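Structure first, then comments.
The values are calculated or read from the model by the stated rules, or taken from the named source; none is laboratory data. Computed from a predicted model, the values in this text were never measured in an experiment. Counting neighbours? That spans all protein chains shown, and the Cβs are built from the backbone with ideal geometry, glycine included.
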Amino acid sequence: MDNKKSGNHAVGINTRLAHLGHDPHSFYGFVNPPIVRGSTVLFPNCDVMERHDQPYTYGTRGTPTTNALCMALNELEGAAGTILVPSGLAAITIPFLAFLSSGDHALIVDSVYGPCRHFCDTMLTRMGVEVEYYDPAIGSGIEALMRPNTRLVHTEAPASNTFEMQDIPAISEVAHRHGAVVTMDNTWATPLYFRPLDFGVDISMHAVTKYPSGHADIVMGTVSANAAHWPRLLEAQGALGICGAPEDSYLILRGLRTMGVRLAHHEKSALDVARWLESKSEVVRVLHPALESFPGHALWKRDFKGSSGVFSFVLGADMAVAKKKAHAFLDALSIFGLGYSWGGYESLAVHVNLSDRTICKAPLEGPVIRLQIGMEDVEDLKADLENGFAAAGAA
Ligand SMILES: Cc1ncc(COP(=O)(O)O)c(C=O)c1O
């Protein structure tokens, strides 16, 4: 079927997710693509070999399985092309390597995913790229930071751990006027709730480790580019010898089939818990962009189609006892696991470390606890969190 239309009727996202990426009749009618592994691909003769004139040429350059996932993501992101990489972190570092050179200046949002900052402050800096962090609330004010050698502006919205929103169209407009490429870590929203390329971003990055996988059993990243930036991204992937594994690609494609219904569940449960937390006397603030009380709410409402299942809250505590209270709270939880990743079926909690921030510093009212709301029943999750509050109160 045409993934966007059935006759004149535009089909919904769950219908598209059920059918994109693979045409069953291209492989004997099986509804899922085969898992094709391989290094060597044979050519019928020297002429075809010399011209590379066939769909597959070598294992690192893709197989029908990895290609099925790339096709699905191209459609979801509205992209000219997608590369697969071994982790979500690599989905950030590889485009940086593709588009930055020694002597360039890169603007990175201060509330960025922590390990991205580590890459910028170590390897990228060592390679002669000048890295500068900016306030996520900067909007078109980013104009003042642009220099003749600014080549890349990296965005992430909502922010890691503290969920600040960014005015992506305003930032993209300024960056493009100055000849810079705009990249965005879109992991939180997935292309179902935000499509960066429609808002001026050139390169959309995902840790498909999270919601596309949905089951906490795969680590993988994807990078999707618009037409202007696709050749250089593809060239960098080839030059670096980076590729996605066919088995993992198969599982991510399988995860995409149910991502719409899973996300809807995450969204509903997370908002339920977030609103409940807002009513708790132990909680100073809930950091969730879909809450009316959140400073970035208007931007979220303007640009996003939904919210996913990860957000934070500030547990009220004197800073002298913040860590003790946070640990007491977390250690009392039995349904929420203590773990770093998110996007799977299980709920998780973590005491967030914001010590690397230079602009969006940690709140002074108490520790920041990040929650990933999974598939469990919400009343059970609230009861678990109540145990945490009781333990924190007694600590
Ligand atoms: C926003 C964001 N981007 C990227 C990543 C990196 O993903 P991975 O764990 O697959 O390297 C993470 C992981 O937590 C993340 O939260």
Go through segment 329-350 and count every residue that is within 13 Å of Gly388 (Cβ to Cβ) and either among the β-branched types (Val, Ile, Thr) or part of a loop (DSSP other than H, G, I, E, B) (or both). 7
Which listed residue, of Gly316, Gly344, Gly339, Gly306, is closer than 18 Å to Tyr193 by Cβ, in contact with a strand residue (DSSP E or B) (Cβ under 8 Å, 6 or more places away or on another chain) and not aliphatic (A, V, I, L, M): Gly344
Taking segment 79-105 and the residues there that are part of a loop (DSSP other than H, G, I, E, B) and touching a Gly at 6+ places or on another chain (Cβ under 9 Å), the one that is nearest to the ligand (Cβ to nearest atom) would be Ser87
Of the listed residues (His215, His229, His206), the one being at pLDDT 95 or above, surrounded by fewer than 19 Cβ atoms within 10 Å (Cβ to Cβ) and of a type outside the set (Ser, Thr, Tyr) is His215
In segment 234-247, the residues that are over 14 Å from Asn74 (Cα atoms), in contact (Cβ under 8 Å) with a residue 40 or more places away in the chain and not in a loop (DSSP other than H, G, I, E, B): Glu235, Ala236, Gln237, Gly238, Leu240, Pro246, Glu247
Matching residues, segment 149-203, being away from the ligand (no atom under 11 Å from the Cβ), within 20 Å of Asp135 (Cα to Cα) and part of a strand (DSSP E or B): Thr150, Arg151, Leu152, Val153, His154, Thr155, Val181, Val182, Thr183
Give me the pairs, please: first residue somewhere in segment 195-213 and among the aromatic types (Phe, Trp, Tyr), second residue anywhere and assigned to a helix (DSSP H, G or I) and within 13 Å of the ligand (Cβ to nearest atom), beta-carbon distance under 9 Å, and either six or more positions apart or on two chains. Tyr211/Thr190
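Yes/no matrix, rows are residues, columns are (1) closer than 16 Å to Phe311 by Cα; (2) at pLDDT 95 or above:
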position: Ser334; (1), (2): no, yes
position: Gly339; (1), (2): yes, yes
position: Cys360; (1), (2): no, no
position: Pro367; (1), (2): yes, yes
position: Leu371; (1), (2): yes, yes
